[in-house]
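Below is one structure; the comments refer to it alone.
The values are calculated or read from the model by the stated rules, or taken from the named source; none is laboratory data. Note that the structure is a prediction, hence the values are computed from the model and not measured. Note: ideal-geometry Cβ built from the backbone for every residue, glycine included; neighbour counts use all protein chains shown. Quick note on the areas: whole protein, heavy atoms, side chains included, nothing else; ligands and nucleic acids left out. Shrake-Rupley method; radii C 1.70, N 1.55, O 1.52, S 1.80 Å.
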Amino acid sequence: MSSMSASTGDGEPCTPLDNAKEEVSGPTCTGDNSKHESSICSGSSEIKSRAVVKYCAAPPPTSYALLQEKTDLKLPPANWLRENPQLGSAGTTILGSSSKSKPFSSFGMAYEFIDCIGDDVDVVSDSENIKKLLKIPYSKSHLSMAVHRVGRTLLLDELDIQELFMRSSQTGDWTWLKEFYQRLIDQKWQRKKKSKEHWYQKAILSKFLYYSINGNGAAEPQSDGLNEGEEESGAEEFSSSWPTAFTSTTSNAEESEAPKQESVTVDSSFALGQVTSVPKEQNLPTIFNEGENGQGLRNDFVRNIMWTFEDIHMLVGSNMPIFGGGRYPAVSLRLRDNNKPINILTGIDYWLDNLMCNVPELVMCFHVNGIVQKYEMIKTEDIPHLENSTFSTRVVKDIAQNVLSFLKSNCTKEGHTYWLFKASGSDIVKLYDLTTLCEEAEEEKYQNPFTLPVAVLLYKVASNLMLKARQNKKHYGTIRTLLLNCVKLLDQDRHPQIIASAHYMLSELFQLDEPLEEDGGESLRAGGSEDSYSDEDREEEEEEEDLTEDSDDNGSYSNCSSLQDDSKAVAVIRSVGELSVPEKYRSTHQIRPSCAFPVSQDKEERCRLVLSYVLKGLKAVDGSIKKESDLPAADPNTPIPLKYEDRSATGACATEKGISLLLERAGPLQGDQKHTTRSGMIPGSWQHHMKLKLFFKASKAYCVLSDAATNLLKYGRALRYIKLSLQCYDAYCSVSGTLHPHVLLFHSQCLSLCGDIQLMLAQNANNRAAYLEEYSYQTKEDQEILHSLHRESSCQAFSMATDLAMDPEYQLFVSSKCYEAAYELLVSEPLKDLTSDQLSQVLKRLGNIRNEMGVYYMNQAAAMQAEKEVKKSVSAAEQEMWKKSFGFFEKGMKDFEAIGDCTNTALLLCNTGRLMRICAQAHCNLSGNEGRGEFSPEEALYYNKAIDYYLQAMKALASREKHSAVWDSVNWELSTTYFTLATLLQDYAPVSRKAQEQIEREVTEAMMKSLKYCDLQTDSARQPLYQYRAATIHHRLASMYHSCFRNQVGDEHLRKQHRSLAELHYSKAVSLFLSLKDAPCELLRTLLERVAFAEFTMAGQNSSTAKLKSLTGAIEIMTETRHAFQLIHKELQEEQTQLNEPDSAESAESSDVANGPMAGLNLQEVMKLIGVFEPSFSFLLLQVIKLMTTAKRKPSNKDEELMKTYKNVYSKLLRAEKNAPLVSRVELYVELLQQLTQRTGSDDTGARKP
């Protein structure tokens, strides 16, 4: 056996700091000094024990007075029963070290050390109760304890049946339990009085302790003022009385004060929402009023110790006096009758007391009939080996583990009061669920005096865990279970504040503004009920073997005729001897219960849970406010209409009034509220604080629901939810005197979301009927929350922003006003330094809605223009639309510029350019016969403005790399505008105002600029369009120079220049049209114009050789039309195939569309071009045959062959049937042109130099 050599905590087992709480370790070590634990060795087995003092009210231990031999302990010392800190609470009672626990002593400790409850500690109890449990197999005395579960912690309290039933006779409480006890356990129950010997032993122990604390050690006896009868009555007086049930009325004047008010009143400064912001001491409110001490809910122990016994962690309360002296600085004093040997129960008592208090030695004073005989000092580790008191420490350890496992396996429901009972002389231990028995007896649950302390403890532990939950979400499941069980125990009429606070905390567990973690552990699949920590998957064979509830097994013990109550017991230990068997009751339960927190992946489901808790909290608060008469009568079951209006006819005055209300309510409020609220709440009361938090939480939940509905494109539902969110906020404003920055920030988010929804509604006008149905729907829960809101506010401040209008223009207007209100909030004084990210988001939304409104009015103007039957002058309505559109575009550009968003700035500049083009189109002149007039100066002005805006957009983007799609769009629009300007100048030349040369110059300039922005290199969807435009530009320029060449007279140099430019542009146009493969008509027209240009050139020539050369060149150009006719032939054949196969018509149509921007063949255009082609082709062939025939020089063989080919082709052309099908004619042309190509050797490129 190893000896205990280390001293205890620097010579003091506890060092008080004005009775303040502290944590000091008072270890006794074996070997390793770094481990603060005492080791007791028994044989080959070592018992691990470690005690840490959490709180100590006693002064440092002083040496005990060694009483002289023959000292008469029957005589009281002079200081007897005077309060003494050395003895703690024992100083006010003749019981000495009190063996009688107060009924709620464990709750007092739990309240004091709330951090330990629910997670770190297995058991909280008076040390006397712990000792009773560990002595069960050795003791024949009865055992009666109340057991409560909080998380993984069990609270044990003595349940004094005698005291309880005496109380029942006086108050009528617990009558059901008394009847149950008498019926099933002890049919002849009567109060058993303590013997005189009992009180005698208590008295001399008390006197002995008082003698021992005298500093000089001299006994100073005084006359014995108390006879035995007085001692007994004194014992009665000082013993703990059982508390009355919290709902019963009592005639006692001292006890009647407490029930006058609510039995549990939380400090009004504490509304549970402050859980995360107040210091720890404030966070745990004073739950009980001044009557709490009488109810036994205070921690009255001299010291509280965290005792680890093997793997069991216990928070124990002890009043054992500790003295200094001997070889060790801490000893416990014991008084023994020399005529009575120490038995095993006493030995276990002494050993456990010393282990718990970390006292290394025991000093035993022996007496005979109260006369001191001798002292003996015993080491703690030697106590198990005393004569007549030998016991195995390993067995005690096994008993402790078995008892704990038994209780943890069966006391599974939080909030339930369990009763552990063993009758005197019996070996059977039974566990009853008193809460269930109470319910079966149809008694009120408040008949159970444990109900309120348990509920309050659950609430306090949950409050404390909320502080930790912010750092670690693993606590969420535990908190939820604690709070749900707390609420189950309480009556809303009696304890509305705790119920409201608990429901608010439940709602706070759902972090609505955080993304869900992909954590499989936090899901409903983890199982577990709300109020139980039992493991449903325990092995059945172990359940049958260890924890059966078999009511067939019979046994007997004194004063009990049958075991018919077995069926009422939760669990039964058949024989106390089983507790000594190692791991007989090994718990199959998780030591740390897995309370699954139901984190649904469905955001709407989470929000609905939050709102259900908020509603219950609001009902609790509303029920506690008495001033009902001043409220408007409203039925919570009657829906409060969410009205919708068609705003198209609404006047501007009403609209502006609504906007001013919106901005006024959106702004920060100033000054604290002094007067009672609409419902009669007093500002600063707990109801006031709680309603603020519940309203704000509801507003948040509805906002999240609205956002989720928006993502699902359910805009009617989204508008309904954001309306409810803003109504909650309106009620919050009505109740709150000041709005904190985080509240204002959230409100700006709500307004911004409301703006988003109104914008979406405006853009999706086709689904209005569905949106109206979604908007009008209301759940019963929403109706009841609205009813609670209407107790405080009319909730109309934001009705303008959240009504479902039928007019898209009004919806856009409301959307912009919501964004403006959000912006005003963010730049207000409280938020201006906090919201840079959110401000940029709102500015982006503002820019976007202004762009939308600009586009809306621009489209309105375009629609007006299209509807006009006769375009005379621009109407005032059109001009008004232009102004509105331009104004919104300008504001939007400023918004985007403020956040440096160059891409969106470029888009708005592009839209402004489009608006300018619409203005230009509106100013086109019409002649009398409704034909198009000359190109007007107004048109030129607006087109040039459009070009300016497009160029600004290009400048804003700087390069294509920033945003290629926007860059390409602006580039296309700019090229289009230049092309349109040039085309109008060319086709409707303002010859009345400008010279032809100037017009030609302007057309050329505009065409070349359009060509500059034709991006032929980048591979994109627009590339074929760019190619077609470039080809068209070259064709138009060639045609213009062709015309100039024809009309130019005199200046030969200029004529040559025009001829050269015409040839150049014709050549480029032909090349581009050839590359397109889907513009045969344009290619054919260009080639025919080019042939005509060659013919005109030939007409001015005199020599036959020159003419022949020109004719040969013209025929070569004509042969290039073969490409165009081949494409036409191909398309005609495809059309014929489609007609023959009607089933494939649809796919063929889609194929045509997919062929490119020029897909589809204009037959009328083809016939027109063939009408030009045939005579021109015939004329060229005839002329060349004539010239070759009349040629003076002798023709070569090659010329003869060529002549033969020309004649053959000409002959076939003349003989061709004019009424033949178009396909046949085109086939003939392809054949004839092919013959010429082979003979002339013309290339296929179409590019021929002039």
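List of remarks:
- Qualifying residue in the stretch 969-980 (condition: touching a strand residue (DSSP E or B) at 6+ places or on another chain (Cβ under 7 Å) and either of a type in the set (D, E, K, R) or in contact (Cβ under 8 Å) with a residue 24 or more places away in the chain (or both)): no
- Selection within the stretch 768-791: residues that are touching a residue at least 40 places away in the same chain (Cβ under 8 Å) and more than 16 Å from Tyr721 (Cα to Cα). The member of this set that is least open to solvent (accessible area, probe 1.4 Å) is Ser788.
- Residue selected from the stretch 123-178 under the condition touching a residue at least 24 places away in the same chain (Cβ under 8 Å), of a type in the set (Ser, Thr, Tyr) and out of contact with any helix residue (DSSP H, G or I) (no Cβ under 7 Å at 6 or more places or on another chain), by the criterion most open to solvent (accessible area, probe 1.4 Å): Ser141
- Residue in the stretch 397-411 that is in a loop (DSSP other than H, G, I, E, B) and buried (at least 20 other Cβ atoms within 10 Å of the Cβ) present: yes
- Residue in the stretch 1097-1107 that is closer than 22 Å to Val1166 by Cα and either open to solvent by 50 Å² or more (accessible area, probe 1.4 Å) or small (Gly, Ala, Ser) (or both) present: no
- Gly1171 vs. criteria modelled with pLDDT under 85 and open to solvent by less than 70 Å² (accessible area, probe 1.4 Å): no
- Annotation: Leu362 fulfils all but one of (1) in a loop (DSSP other than H, G, I, E, B); (2) free of Cβ contacts under 8 Å to residues at least 40 places away in the same chain; (3) not β-branched (Val, Ile, Thr); the unmet one is (1).
- Any hit, the stretch 802-814, residues being hydroxyl-bearing (Ser, Thr, Tyr) and within 22 Å of Gln860 (Cβ to Cβ): yes
- Residue among Leu1061, Leu1016 that is within 19 Å of Met1098 (Cα to Cα), among the aliphatic types (A, V, I, L, M) and open to solvent by 30 Å² or more (accessible area, probe 1.4 Å): Leu1061
- Subset of the stretch 44-63 that is out of contact with any Ser or Thr (no Cβ under 8 Å at 6 or more places or on another chain), outside any strand (DSSP E or B) and surrounded by fewer than 18 Cβ atoms within 10 Å (Cβ to Cβ) - its residue that is modelled with the lowest pLDDT: Ser44
- Ala965 in contact with a Gly (Cβ under 8 Å, 6 or more places away or on another chain) and either free of Cβ contacts under 8 Å to residues at least 40 places away in the same chain or hydroxyl-bearing (Ser, Thr, Tyr) (or both): no
- Restricting the stretch 889-928 to residues that are under 10 Å from Asn851 (Cα atoms) and charged (D, E, K, R) leaves a set whose member that is least open to solvent (accessible area, probe 1.4 Å) is Glu890.
- Helices (runs of 4 or more DSSP H) contained entirely in the stretch 79-176, each with at least 2 residues that are modelled with pLDDT under 85 and among the hydrophobic types (A, V, I, L, M, F, W, C): 161-171
- Cβ-Cβ distances below 8 Å connect the following pairs, each with a first residue in the stretch 1115-1129 that is within 14 Å of Leu1222 (Cα to Cα), a second residue that is among the basic types (Lys, Arg) and open to solvent by 10 Å² or more (accessible area, probe 1.4 Å), and a separation of six or more residues or different chains: Leu1127/Lys1077.
- Here the condition is being of a type in the set (Val, Ile, Thr), surrounded by 22 or more Cβ atoms within 10 Å (Cβ to Cβ) and modelled with pLDDT under 90; of Val302, Val316, it holds for Val302 alone.
Table: residues versus (1) in contact with a helix residue (DSSP H, G or I) (Cβ under 6 Å, 6 or more places away or on another chain); (2) polar (S, T, N, Q); (3) under 21 Å from Ala940 (Cβ atoms).
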position	(1), (2), (3)
Lys962	no, no, no
Ser975	yes, yes, yes
Ala989	yes, no, yes
Val1003	yes, no, yes
Lys1012	no, no, yes
Thr1018	no, yes, no
Pro1024	no, no, no
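- Of the helices (runs of 4 or more DSSP H) entirely within the stretch 799-876, those holding at least 2 residues that are open to solvent by 20 Å² or more (accessible area, probe 1.4 Å) and of a type in the set (D, E, K, R) occupy 808-826, 836-867.
- Test: Gly737 is over 20 Å from the mean Cα position of the chain (by Cα), open to solvent by less than 10 Å² (accessible area, probe 1.4 Å) and modelled with pLDDT under 95: no
- Residue check, Ser794 open to solvent by 20 Å² or more (accessible area, probe 1.4 Å), out of contact with any helix residue (DSSP H, G or I) (no Cβ under 7 Å at 6 or more places or on another chain), modelled with pLDDT of 90 or more and among the polar types (S, T, N, Q): no
Residues are listed down the side, and each one gets a yes or a no for (1) over 27 Å from Glu1002 (Cβ atoms); (2) at pLDDT 90 or above:
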{"residue": "Lys868", "(1), (2)": "yes, no"}
{"residue": "Asn904", "(1), (2)": "yes, yes"}
{"residue": "Leu909", "(1), (2)": "no, yes"}
{"residue": "Thr912", "(1), (2)": "no, yes"}
{"residue": "Met916", "(1), (2)": "no, yes"}
{"residue": "Arg932", "(1), (2)": "no, no"}
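- Unique residue being at pLDDT 85 or above and farther than 22 Å from Gly1171 by Cα when the list is Ala1114, Ala1062: Ala1062
- Within the stretch 829-849, tally of residues that are of a type in the set (D, E, K, R), within 15 Å of Ile899 (Cα to Cα) and in contact (Cβ under 8 Å) with a residue 40 or more places away in the chain: 2
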